[in-house]
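Notes follow the structure.
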């Protein structure tokens, strides 16, 4: 698997790419090493640059830069939790498969979790300029990828794909909201009239 070609394929030709992915014998460890570790790092690295070098503009407070140690700590926690979160999501996809007449297969479930989250990781680059972080909404394309990938990799009937997708999305939202809450616990935001330390 060529890393760049896979990213382009899943983003631009998802139907064909899911068919290719379904036939690959990649292990979970290999996917972590060759894909997840690289892509999941985009957002945390971009956020360190955005928060500590470019700076953040806040209403009534003005512009400020996060202390580098604070932004690195937040990014590191977010990164590690994301690596764990993808695996947890795969466990959920696998556990839900029989409910939607699919076949349990943790490796295939992990592929679905990883590749459907690709847009979310790629748009993490916008965190370099905090004002552009709103473009992270483009990561929602991953929902469509999930919808396309579940019947192919988990072998659930097409008519059950929407319900399966919704169930997985609810689980994913819970997982990634928790990741966001925990990683943001490492950030101190300035309050009006209170000087920033760091």
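Read-outs throughout are calculated quantities, based only on the coordinates presented, and are distinct from any laboratory measurement. What you see is a predicted model; the values in this text were computed from it and never measured. Virtual Cβ from ideal backbone geometry, glycine too; neighbours counted across all protein chains shown.
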- Note on the structure: Once the mean of 1/r over all distinct C-alpha pairs in segment 1-54 is inverted, the Kirkwood radius in Å reads 12.8 Å
- Query: Simple spin-label model, 7 Å along Cα-to-Cβ: residue 76 to residue 26 in nm?
  - Reply: 2.8 nm
- Query: Can you give the Kirkwood hydrodynamic radius of segment 95-134 from its Cα pairs, in Å with one decimal?
  - Reply: 12.2 Å
- Message: Defining a contact as two alpha carbons under 8 Å apart and six or more residues distant in sequence, what relative contact order in percent does the chain show?
- Response: 27 percent
- Quick calc: nm separation of the 7 Å Cα→Cβ label points for residue 166 and residue 34 -> 3.7 nm
- Per-residue ellipticity at 222 nm attributable to helices in the chain (runs of n ≥ 4 DSSP H, -39500 (n - 2.57) apiece, nearest 500 deg cm²/dmol) works out to -18000 deg cm²/dmol
- According to a simple spin-label model (label point 7 Å from Cα along Cα-to-Cβ), what is the distance in nm between residue 63 and residue 16? 4.4 nm
- Message: Please list the three semi-axes, largest first and in whole Å, of the ellipsoid equivalent to segment 74-160, using sqrt of 5 times the eigenvalues of its alpha carbon gyration tensor.
- Response: 28, 15, 8
- Query: Under the definition of Cα pairs under 8 Å and six or more residues apart, what whole-number percent is the relative contact order of segment 70-125?
  - Reply: 31 percent
- Message: Kirkwood Rh over alpha-carbon pairs of segment 63-125, then Stokes-Einstein at 10 °C and 1.306 mPa s: what D in µm² s⁻¹, rounded to an integer?
- Response: 117 µm²/s
- Task: In vacuum, with every alpha carbon of the chain counted as one equal point scatterer, what does the Debye formula give for log10 I(q)/I(0) at q = 0.16 Å⁻¹? Two decimals, please.
- Result: -0.98
- Message: Quick check: Cα centre of segment 1-35 to Cα centre of segment 61-115, how many Å?
- Response: 17 Å
- Highest first, please rank the peptides 92-99, 169-176 by the mean number of other Cβ atoms sitting within 10 Å of their residues. 92-99, 169-176
- Task: Given the peptides 27-38, 145-156, arrange them by the average over their residues of other C-beta atoms within 10 Å, most packed first.
- Result: 145-156, 27-38
- Message: Using only Cα atoms and rounding to the nearest 10 degrees, what angle (0 to 90) does helix 106-116 make with the longest principal axis of the chain?
- Response: 50 degrees
- Task: Above 20 angstrom, tally the Cα pairs of segment 18-102 and express them as a % of all pairs, no decimals.
- Result: 54 percent
